[in-house]
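Visitor: This structure is in structure tokens; I'll ask about it shortly.
The values are calculated or read from the model by the stated rules, or taken from the named source; none is laboratory data. On a predicted model such as this, the values are computed, not experimentally measured, just so you know. As a convention, Cβ positions derive from the backbone with ideal geometry for all residues, glycine included, and neighbour counts pool all protein chains shown. Heavy atoms of the whole protein, side chains included, go into the accessibility calculation; ligands, DNA and RNA do not. Shrake-Rupley method; radii C 1.70, N 1.55, O 1.52, S 1.80 Å.
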Amino acid sequence: QVQLVESGGGLVQAGGSLRLSCAASGRSFSRYGMGWFRQAPGKEREFVARISISGASTNYADSVKGRFTISRDNAKNTVYLQMNSLKIEDTAVYYCAADPRSIVPGNAYNYWGQGTQVTVSS
């Protein structure tokens, strides 16, 4: 069992930056593939980024490629999402997710956090 708690969301102007954190409790964080997803009002939850167990492999949605960076610190049981050059359309609730598989297809993650709100203003 893994419990995930996101933090770092908030209100930021377009062009600004935020760093989201997802702290995991429970054993064996270093054995879980991790992902970030987001859900904007009236839209379905969508994939943002994923990182493998070792951290050697990362993938991004086209909409965030070059602006967002996912990373993990297994010693701190934490995964991060650095978001730069934020756009109004990045406004959403951001969720982190964990799964025993290193690379997880789509949104088929076993464990989910409660989410953190990111609002980008003009």
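Visitor: Starting from the Cα of residue 65, draw a straight line to each of the lysines and keep only those under 25 Å, dropping any in the same chain fewer than 8 residues away.
Guide: Correct list for residue 65: 43, 87.
Visitor: Also, quick follow-up: Whole-Hz Karplus ³J(HN,Hα) for the range 4-14, in order, using 6.51 cos²θ - 1.76 cosθ + 1.60 and θ = phi - 60°, x for Gly and Pro?
Guide: Karplus values, whole Hz, x for Gly and Pro: 10, 10, 8, 8, x, x, x, 9, 9, 6, 4.
Visitor: In Å², and per residue, what accessible area does the chain have when probed at 1.4 Å with the other protein chains present?
Guide: Here the residues of the chain average 51 Å² of exposed surface.
Visitor: Which one, 7, 83, 58, is farthest towards the positive end of the dipole of the chain when Lys and Arg carry +1 and Asp and Glu -1 on their Cβ?
Guide: It is 58, whose Cα lies furthest towards the positive end.
Visitor: For the range 1-42, with all protein chains present and a 1.4 Å probe, just round the carbon and sulfur fraction of the accessible area to a whole percent. Intermediate values should be presented prior to the final figure.
Guide: On the way: 990 of 2200 Å².
Answer for the range 1-42 is 45 percent, counting heavy atoms of protein chains only.
Visitor: For the range 20-102, which GluC sites (Glu not before Pro) are in a loop by DSSP, counting at most 16 other Cβ atoms within 10 Å? Working shown, then result.
Guide: Numbers: sites: 44, 46, 89; in loops: 44.
Taking the range 20-102 and a limit of 16 other Cβ atoms within 10 Å, the loop GluC sites (Glu not before Pro) found are 44.
Visitor: Right, another one. Quick one: 3J(HN,Hα) in Hz for the range 92-104, Karplus 6.51/-1.76/1.60 with θ = phi - 60°, rounded, Gly and Pro as x.
Guide: 4, 8, 9, 10, 9, 9, 9, 7, x, 7, 5, 10, 10
Visitor: Right, next: What list of ³J(HN,Hα) values in whole Hz, one per residue of the range 56-70 in order, does the Karplus curve 6.51 cos²θ - 1.76 cosθ + 1.60 (θ = phi - 60°) give from phi, with Gly and Pro shown as x?
Guide: Whole-Hz 3J(HN,Hα) from phi for the range 56-70: 6, 10, 9, 9, 9, 5, 4, 5, 10, 4, x, 10, 10, 9, 9.
Visitor: So, one more: Looking only at 30, 57, 17, which one moves most when the chain is put into a Gaussian network model with springs between Cα atoms under 10 Å?
Guide: 57
Visitor: Please get the size of the charge dipole for the range 4-79, origin at its Cα centre, with Cβ charges of +1 on Lys and Arg and -1 on Asp and Glu, quoted in debye to the nearest 20. Write down the numbers at each step before the final one.
Guide: On the way: 11 positive and 5 negative charges, 29 e Å.
Magnitude of the dipole: close to 140 debye.
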